[in-house]
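The values are calculated or read from the model by the stated rules, or taken from the named source; none is laboratory data. Please read these numbers as outputs of a predicted model, since none were measured by experiment. Every residue, glycine among them, receives a Cβ derived from its backbone with ideal geometry; neighbour counts consider all protein chains shown. Surface areas here come from the heavy atoms of the whole protein model, side chains and all, with no ligands, DNA or RNA. Shrake-Rupley method; radii C 1.70, N 1.55, O 1.52, S 1.80 Å.
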Amino acid sequence: MAHHQPAPRPNYVHDIPSVRAVHPGLPDVLGNLDLNSCIQAGTPLEPLNLSQAKLVAKGLQAAHDCGIDDCVTAAVAESAALRATAVEAAHALGSYAPVDIGQALGVLTQQLDRINNWLDVIVAFSHNTCLITQNSHATAQHYLPLHKTVS
């Protein structure tokens, strides 16, 4: 019986700064909202980060709507909503469309190498075709040598 091993947990691909890092005039904590929480690239996706980002976005929008703190502007509330969207997008991509960038670049490099090789062959073939045409009109002592093709 084959044992199923769970897939490795996806990681955050990019740093996602805290709301306070983007808006340094904010305090570290506003009420019960932690505005200084950031996510570092390479750390495993954590559902708590998404919940917290959404909570901070809703809390800052409410603080702005109620005028609780002058430092919470419409731009700050919008920024927190965008941060929550960024965290959510990282979770969606990590869970449903994981991409190994190194592997993808390796495949692209191999494909480019094959294309370059074929272009070298085509160039040599084209050059040789011209030489054959020229040689057909020349005397034996004026023949031009053909180029080697690559494979």
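Within segment 6-23, being over 23 Å from the mean Cα position of the chain (by Cα) and open to solvent by 70 Å² or more (accessible area, probe 1.4 Å) holds for 6, 20. Comparison of 106, 94, 102 shows that the only residue that is in contact with a Pro (Cβ under 8 Å, 6 or more places away or on another chain), of a type in the set (Gly, Ala, Ser) and in a helix (DSSP H, G or I) is 94. The number of residues in segment 53-80 that are touching a helix residue (DSSP H, G or I) at 6+ places or on another chain (Cβ under 7 Å) and open to solvent by less than 40 Å² (accessible area, probe 1.4 Å) comes to 9. All conditions in (1) in contact with a strand residue (DSSP E or B) (Cβ under 7 Å, 6 or more places away or on another chain); (2) in a helix (DSSP H, G or I) hold for residue 54, with the sole exception of (1).
Kindly check whether there is at least one residue in segment 110-119 that is modelled with pLDDT of 95 or more, out of contact with any helix residue (DSSP H, G or I) (no Cβ under 8 Å at 6 or more places or on another chain) and either among the aliphatic types (A, V, I, L, M) or assigned to a helix (DSSP H, G or I) (or both). Reasoning before the result, please.
Taking segment 110-119 first, the residues modelled with pLDDT of 95 or more are none.
The answer is no, given that none of the residues of segment 110-119 is modelled with pLDDT of 95 or more, out of contact with any helix residue (DSSP H, G or I) (no Cβ under 8 Å at 6 or more places or on another chain) and either among the aliphatic types (A, V, I, L, M) or assigned to a helix (DSSP H, G or I) (or both).
Restricted to segment 43-91, and to residues there that are polar (S, T, N, Q) and within 29 Å of the chain's Cα centre (by Cα), the residue that is nearest to residue 14 (Cα to Cα) is 43.
Yes/no matrix, rows are residues, columns are (1) charged (D, E, K, R); (2) open to solvent by less than 60 Å² (accessible area, probe 1.4 Å); (3) touching a residue at least 40 places away in the same chain (Cβ under 8 Å):
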position	(1), (2), (3)
25	no, no, yes
40	no, no, no
43	no, yes, no
51	no, no, no
85	no, no, no
108	no, no, no
113	yes, no, no
